[in-house]
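Encoded as structure tokens, the structure appears first; notes follow it.
The values are calculated or read from the model by the stated rules, or taken from the named source; none is laboratory data. Keep in mind that this is a model prediction, so the values were computed, not measured. In this analysis, Cβ positions are derived from the backbone assuming ideal geometry, glycine residues included, and neighbour counts consider all displayed protein chains. Accessible surface areas use protein heavy atoms only, side chains included; no ligands, DNA or RNA. Shrake-Rupley method; radii C 1.70, N 1.55, O 1.52, S 1.80 Å.
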Amino acid sequence: MGRRKVSSRRRRLAVVTRSATETDLGRTRRARRIGRVLAETHPDAHCELDHGNALELAVATILSAQCTDKKVNEVTPKLFARYPGAADYAGADRGELEEMIRPTGFYRNKTNSLIQLGQALVERYDGRVPGRLADLVTLPGIGRKTANVILGNAFDVPGITVDTHFQRLVQRWGLTTESDPVKIEHEIGAMFPKRDWTMLSHRIIFHGRRVCHARKPACGACTLTKLCPSYGAGPTEPPAAAKLLKGPRARDLAVAAGVDPELVPVQAVQAEAP
């Protein structure tokens, strides 16, 4: 055990040193290697908000603020059936709408956003969600992050979604020192072909929810150990790290990282990815 800890410490120091002396070209090459590994690690990566069109995705994304995707997906089937179009949100009864979305939290503010969104779409875009970033960010409840989610998943327009998971991971990987989401979006975007932006975002978010957690990342059960200068921020021993993996593919993630899948407890497989 002692030898393994020393080995892990030396390895971590070596990676940190390499990252500190890394050139811009070297960082871009490492970023692309990370992207390739993530593609192999998370072949199931996708937008986890259930939707059938751009309006439904816009609504679901607004509801997802301070709420899990799972809870949003529990609420939206009835919501979408009751309010199928922008005009329906524009003319919605506030009390009824608040009650339907109450489980997602902050329901009064979210109701304001949904009603105002419906009104703006009816007044300015003939009830349709526009497919341009410049137009989307002018709509109530739609910021740049939400706009990129809508563009990438409803319009097939490449976009990078800088949510809390994305920001945390690209900083841990030493790909950026920026803290402003727009600057992060541009800096990371410059490292990858534009066609890859949307799926890259999904894969990074998947990794953040299932492996590289905020408080205790599963370093010892991660496929990116050789590419991550923050290796060691969480448990490096497989038995401890494997317990931190989450989601229905937790054991597949362990296998991908060269860890015995039997170390992943049943609770981890059944756990909801945050």
* Take segment 154-207 and flag every residue that is part of a helix (DSSP H, G or I) and either in contact with a strand residue (DSSP E or B) (Cβ under 6 Å, 6 or more places away or on another chain) or among the charged types (D, E, K, R) (or both). => Arg168, Arg172, Lys183, Glu185, Glu187, Lys194, Arg195, Asp196, Arg203
* Structure fact -> Taking segment 83-99 and keeping only residues that are surrounded by 13 or more Cβ atoms within 10 Å (Cβ to Cβ) and either in a helix (DSSP H, G or I) or hydroxyl-bearing (Ser, Thr, Tyr) (or both), one is left with Tyr83, Ala86, Ala87, Asp88, Tyr89, Ala90, Leu97, Glu98
* Do we have Ala268 as at pLDDT below 95, in a helix (DSSP H, G or I) and surrounded by 19 or more Cβ atoms within 10 Å (Cβ to Cβ) here? -> yes
* **Odd one out for Asp180, checked against (1) touching an Asp or Glu at 6+ places or on another chain (Cβ under 9 Å); (2) over 29 Å from Leu244 (Cβ atoms); (3) surrounded by fewer than 21 Cβ atoms within 10 Å (Cβ to Cβ)** => (1)
* Asked: Which of (1) closer than 29 Å to Met199 by Cβ; (2) at pLDDT below 50 does Thr23 not meet, given it meets every other one?
  -> (2)
* Asked: Got a sec? Which of Pro239, Pro235 is open to solvent by 30 Å² or more (accessible area, probe 1.4 Å), touching a Leu at 6+ places or on another chain (Cβ under 6 Å) and at pLDDT 95 or above?
  -> Pro239
* To do: Considering only segment 100-153, state which residues are open to solvent by 40 Å² or more (accessible area, probe 1.4 Å), part of a helix (DSSP H, G or I) and touching a residue at least 40 places away in the same chain (Cβ under 8 Å).
  => Arg144, Asn153
* Check segment 211-221 and report whether any residue there is in a helix (DSSP H, G or I) and open to solvent by 30 Å² or more (accessible area, probe 1.4 Å). => no
